[in-house]
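Any read-out appearing in this document is the output of simple, stated calculations on the displayed coordinates, not a laboratory observation. What you are looking at is a predicted structure, and each value in this text was computed from that prediction instead of being measured. Cβ placement follows ideal geometry from the backbone for every residue including glycine, while neighbour counts extend to all protein chains displayed.
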Amino acid sequence: MRKAIVVGGGVGGLAAAVALHRQGWRIEVLERAPAFTEVGAGLALQPNALRALDALGLGAAVRERALTDPPLGIRDQTGRWLIRNDLAGLRRRYGQWALIHRADLLDLLLAALPAEALRPGVEVRQVGADGTVVHTQGTATADLVVAADGLHSVTRRSLWPQAPGPRYAGYVTWRFIAPPRPVEGSVESWGRGERFGYAPLPDGRVYCYVMANAPRGAGGGLAELRRRFAGWHNPIPALLDAVAAEHAGPGQHPDEHAVLRHDTHELPDLDSYVSGRVALLGDAAHAMTPNLGQGAGQALEDAVVLGKAVASADVTAALAAYDRSRRPRTQRVVRRSHQLGVLAHQESAVLGTARNTALRMTPPSVYTRSLGSVLSWTA
């Protein structure tokens with residue numbers, strides 16, 4: 001039986017492990033954290049991501065745990081609609097959308113793998129193109145190594161030492177989950193150099209995210225967010241107030257436990273996603289800004305394509321096919337996500353007004369068609 005080592009136990013790595021396990025491979029998933037857990041945040045699964053999960057045999061279980069087909073749209077900071085998506089048209093053209101807690105998706109992926117394949121608390125130090133993996137508990141070899149070790153990939157640094165590192169996008173991202181309250185759907189509101197998004201989760205809680213132009217390392221915490229968005233339309237101030245109230249009291253530190261903050265990066269194009277018996281996957285290969293909501297979706301696509309490619313006996317040929325299939329597509333998505341961020345984070349009042357006017361004048365059908373190159377992927 002052929003053996004694969006997966007470096008990284010996030011959504012992409014576990015999805016790759018499931019894909020390979022379904023093809024009869026023996027799997028080891030090495031995760032440096034002491035447990036396979038996902039931090040508290042929501043996840044939008046667009047139609048291409050759901051089709052990937054269908055191909056992994058998990059689509060039905062995901063839909064059972066998710067909130068499906070929420071209303072979608074973009075407002076300005078006063079609450080005026082800029083885009084209200086044609087839900088029927090989106091569903092008819094591309095398929096279903098879903099919102100799920102990341103931890104729920106992780107649980108489903110873990111349940112699809114044998115317990116003996118999961119090795120938390122193992123930190124990888126170096127990876128060789130021959131399939132050798134050096135880690136904190138020794139050295140292992142495999143017929144295939146899948147590097148799903150994220151933005152700051154040890155594998156990428158080992159085998160692509162001359163490749164440029166992650167590039168700061170110019171804005172900070174915050175994520176948090178607010179207590180249950182009714183919201184109209186998955187909405188993103190755009191201001192000048194900052195935006196606020198919220199979406200309902202199946203249990204009634206509300207997944208929120210914020211992006212704002214700021215120097216690397218800057219941005220503040222929950223108090224800063226409440227100050228920034230105090231004058232924006234409802235329910236934005238109320239969501240922030242609810243998070244603050246939930247974590248008020250002695251010993252409570254919302255900026256440490258409730259609000260996740262990180263600088264936003266993207267990865268410049270690599271000239272290959274494979275080296276010998278090693279394949280990069282997900283953020284390790286093509287980290288992208290969150291503007292299209294495609295980070296997890298592209299990693300899930302990677303996993304499905306890799307699993308199908310290595311069904312053949314020749315790993316070298318399979319990885320070459322994987323690279324030919326995935327690198328052009330994912331790099332286009334990275335660029336498109338970057339371009340959307342430039343549009344969304346416009347600080348000029350004049351250009352921002354022009355942007356908002358153009359969005360309001362765009363027919364929903366045009367916006368629906370514009371998503372085709374991203375959402376039409378099939379397994």
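A cut-off under 14 angstrom between Cβ atoms defines the neighbours of LEU106, and their net charge, with Lys, Arg +1 and Asp, Glu -1, is -2.
In the chain, taking the dipole from charged Cβ atoms about the Cα centre, the farthest positive-side position among VAL7, ILE236, GLN339 is held by GLN339. Restriction of the trypsin sites (Lys or Arg not before Pro) in the range 51-80 to DSSP coil positions whose beta-carbon has at most 12 other beta-carbons within 10 angstrom yields ARG80. From the alpha carbon centroid of the range 176-194 to that of the range 202-225 is 10 Å. Charged neighbours of VAL374, selected by a Cβ distance under 10 Å, balance to +3 (K, R count +1; D, E count -1).
The range 88-143 and the range 20-54 have Cα centres spaced 4 Å apart.
For the range 92-192, GluC sites (Glu not before Pro) are listed when DSSP marks them as loop and at most 15 other Cβ atoms sit within 10 Å of their Cβ; the list is GLU123, GLU184. Using the Cα gyration tensor of the range 1-75, with a ≥ b ≥ c the square roots of its eigenvalues, what is the shape: rounded (a/c below 1.5), prolate (a/b larger than b/c) or oblate (neither)? Verdict is oblate for the range 1-75.
Each other residue within a Cβ distance under 14 Å of ARG326 adds +1 if Lys or Arg and -1 if Asp or Glu, for a net charge of -1. Summarising the strand pairing of the chain, around 70 percent of its internal DSSP beta bridges are antiparallel. Per-residue ellipticity at 222 nm computed for the chain from its helices equals -11500 deg cm²/dmol, with DSSP H segments shorter than 4 residues left out and the rest contributing -39,500 (n - 2.57).
Using only the C-alpha atoms, the convex hull of the range 222-379 corresponds to 171 Å³ per residue.
List the relative contact order of the chain as a percent without decimals, with contacts defined as Cα pairs under 8 Å and 6+ residues apart.
Reported relative contact order: 23 percent.
Couplings 3J(HN,Hα) of the range 287-296, computed from phi: 3, 10, 5, x, 5, 8, x, 10, x, 5 Hz, in residue order, whole Hz [Karplus 6.51 cos²θ - 1.76 cosθ + 1.60, θ = phi - 60°; x for Gly and Pro].
For the range 151-291, the relative contact order comes to 31 percent (Cα pairs under 8 Å, sequence separation of at least 6). Taking the chain as a Gaussian network of alpha-carbon nodes connected by springs under 10 Å, the highest mean-square fluctuation of the residues MET288, MET211, MET361 belongs to MET361.
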